[in-house]
Amino acid sequence: MPRLSELIAALDALWPPERAEGWDAVGTVCGDPDTEVDRVLFAVDPVHEIADEALELGAQLIVTHHPLYLRGTTTVAADTFKGRVVHTLIKHGIALHVAHTNADTADPGVSDALAGALDLRVTGPLVPDPTDPHGRRGLGRICELDHPETLAAFAARAAARLPATAQGIRTAGDPEALVRTVAVSGGSGDSLFDAVRASGVDAFLTADLRHHPVSEAVQQSPLGLVDAAHWATEWPWCEQAAAQLDALSDRHGWDLRVHVSKQVTDPWTTHHSSGAPN
């Protein structure tokens, strides 16, 4: 079995921590480097349900996309929910490692996994990483559909292929407009509107779209907008990342058992459609 330190080195090669945004908090949160690891769990959120799942599986390592502590803290007391996660992990010898914005811009990255879940053909990054001589890394992805379809049909595709959440899928724009090219960005994407418009795509699929940026976007262009739940747009990365680690395990002869959590940790739990506007 590999030691945790060997696995972390392999994960850092996939998602180098130095490529994370300056405000981000990636890397190993807790864990003994000398611990032997034979089972790994991937998940989006480092919440207590995921810690419990790792304990039930007998995993010695959890890899999440979202950080546990994104901002500084002065306590890991067990009477706080984040502190309780830390206590559970340390008590049972479970390490936690985070790949966040360094996984967003990777090749392949979070948006590649999202495009793959929607059966889209990636043609390049939406916001290229200027340090990548091959032009494959960066934020978001520009994609093509195999056959044009309406915005309504594309939204239905997203609803069918992304994990089910209370939010579901929202759209803005003409539902009958034809979509041939799409920009996708896992997680919150309304800061990318300028890049999306400059790319000339027909539609943009992302999460956490806010009222004012959407209102301005649809007034400025015929761009179709598809808004999914944050968790749903990032969960496909867990399967992609698990497959990458499986490949490394085979190459090194580690015989790891790699799992992807199916628990829906999206914080929204119910949805009620409002009445039609008068």
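The values are calculated or read from the model by the stated rules, or taken from the named source; none is laboratory data. This is a predicted model, so every value here is computed, not measured. Note that we place each Cβ from the backbone using ideal geometry, even for glycine, and neighbour counts take in every protein chain shown. Ligands, DNA and RNA are stripped out before the accessible areas are found, and what is left, the full protein with its side chains, is counted by its heavy atoms. Shrake-Rupley method; radii C 1.70, N 1.55, O 1.52, S 1.80 Å.
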| field | Whichever residue in the range 87-107 is part of a loop (DSSP other than H, G, I, E, B) and under 12 Å from the mean Cα position of the chain (by Cα) and, among such residues, is surrounded by the fewest Cβ atoms within 10 Å (Cβ to Cβ) | value | His100
| query | Restricting the range 214-231 to residues that are of a type in the set (A, V, I, L, M) and closer than 18 Å to Ala117 by Cβ, which is surrounded by the most Cβ atoms within 10 Å (Cβ to Cβ)? | reply | Ala228
| Which residue, of Thr75, Thr64, is β-branched (Val, Ile, Thr) and modelled with pLDDT of 95 or more? | Thr64
| field | The listed residue being under 29 Å from Glu56 (Cβ atoms) and under 21 Å from the mean Cα position of the chain (by Cα), out of Leu139, Leu114 | value | Leu114
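Restricting to the range 174-197, count the residues that are in contact with a helix residue (DSSP H, G or I) (Cβ under 6 Å, 6 or more places away or on another chain) and over 25 Å from Thr265 (Cβ atoms). I'd like the intermediate steps shown before the answer.
So in the range 174-197, the residues in contact with a helix residue (DSSP H, G or I) (Cβ under 6 Å, 6 or more places away or on another chain) come out as 175, 177, 179, 183-187, 190, 193.
If we keep only those that are over 25 Å from Thr265 (Cβ atoms) too, we end up with 175, 177, 179, 183, 193.
Of the residues in that region, 5 qualify.
Here's the yes/no breakdown for (1) aliphatic (A, V, I, L, M); (2) at negative phi; (3) at pLDDT 95 or above:
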residue: His87; (1), (2), (3): no, yes, yes
residue: Ile94; (1), (2), (3): yes, yes, yes
residue: Thr105; (1), (2), (3): no, yes, yes
residue: Gly116; (1), (2), (3): no, yes, yes
residue: Pro125; (1), (2), (3): no, yes, yes
residue: Arg170; (1), (2), (3): no, yes, yes
residue: Gly173; (1), (2), (3): no, no, yes
| task | Evaluate the following for Gly109: is it within 30 Å of Thr131 (Cα to Cα), modelled with pLDDT under 95 and out of contact with any Asp or Glu (no Cβ under 8 Å at 6 or more places or on another chain)? | result | no
| query | Would you pick out the residues in the range 203-232 that are farther than 14 Å from Leu126 by Cβ, at pLDDT 95 or above and in contact with a strand residue (DSSP E or B) (Cβ under 7 Å, 6 or more places away or on another chain)? | reply | Ala207, Asp208, Leu209, Val214, Gly224, Leu225, Val226, Asp227, Ala228, Ala229, His230
| query | Among His271, His259, which is open to solvent by 40 Å² or more (accessible area, probe 1.4 Å) and assigned to a strand (DSSP E or B)? | reply | His259
| field | Hits in the range 168-187 - residues which are closer than 10 Å to Val226 by Cα, open to solvent by 30 Å² or more (accessible area, probe 1.4 Å) and β-branched (Val, Ile, Thr) | value | Ile169, Thr171
| query | Which condition breaks for Val127 when tested against (1) β-branched (Val, Ile, Thr); (2) closer than 16 Å to Gly200 by Cα; (3) loosely packed, with under 15 Cβ neighbours inside 10 Å? | reply | (3)
| Do we find a residue being among the β-branched types (Val, Ile, Thr) and under 30 Å from Met1 (Cα atoms) anywhere in the range 243-263? | yes
| task | Filter the range 196-213 down to residues that are open to solvent by less than 30 Å² (accessible area, probe 1.4 Å) and over 13 Å from Cys143 (Cβ atoms), then give me how many there are. | result | 3
| task | Return yes or no: is Asp194 in a helix (DSSP H, G or I) and either among the charged types (D, E, K, R) or within 19 Å of the chain's Cα centre (by Cα) (or both)? | result | yes
| task | Write out, first by first residue and then by second, each pair whose Cβ atoms fall under 6 Å of each other, whose residues are 6+ apart or on separate chains, and whose first residue, in the range 232-250, is buried (at least 20 other Cβ atoms within 10 Å of the Cβ) while the second is of a type outside the set (Asp, Glu) and assigned to a helix (DSSP H, G or I). | result | Thr233/Leu114; Glu234/Val110; Pro236/Ala113; Pro236/Leu114; Pro236/Ala117; Trp237/Val110; Trp237/Ala113; Gln240/Ala113
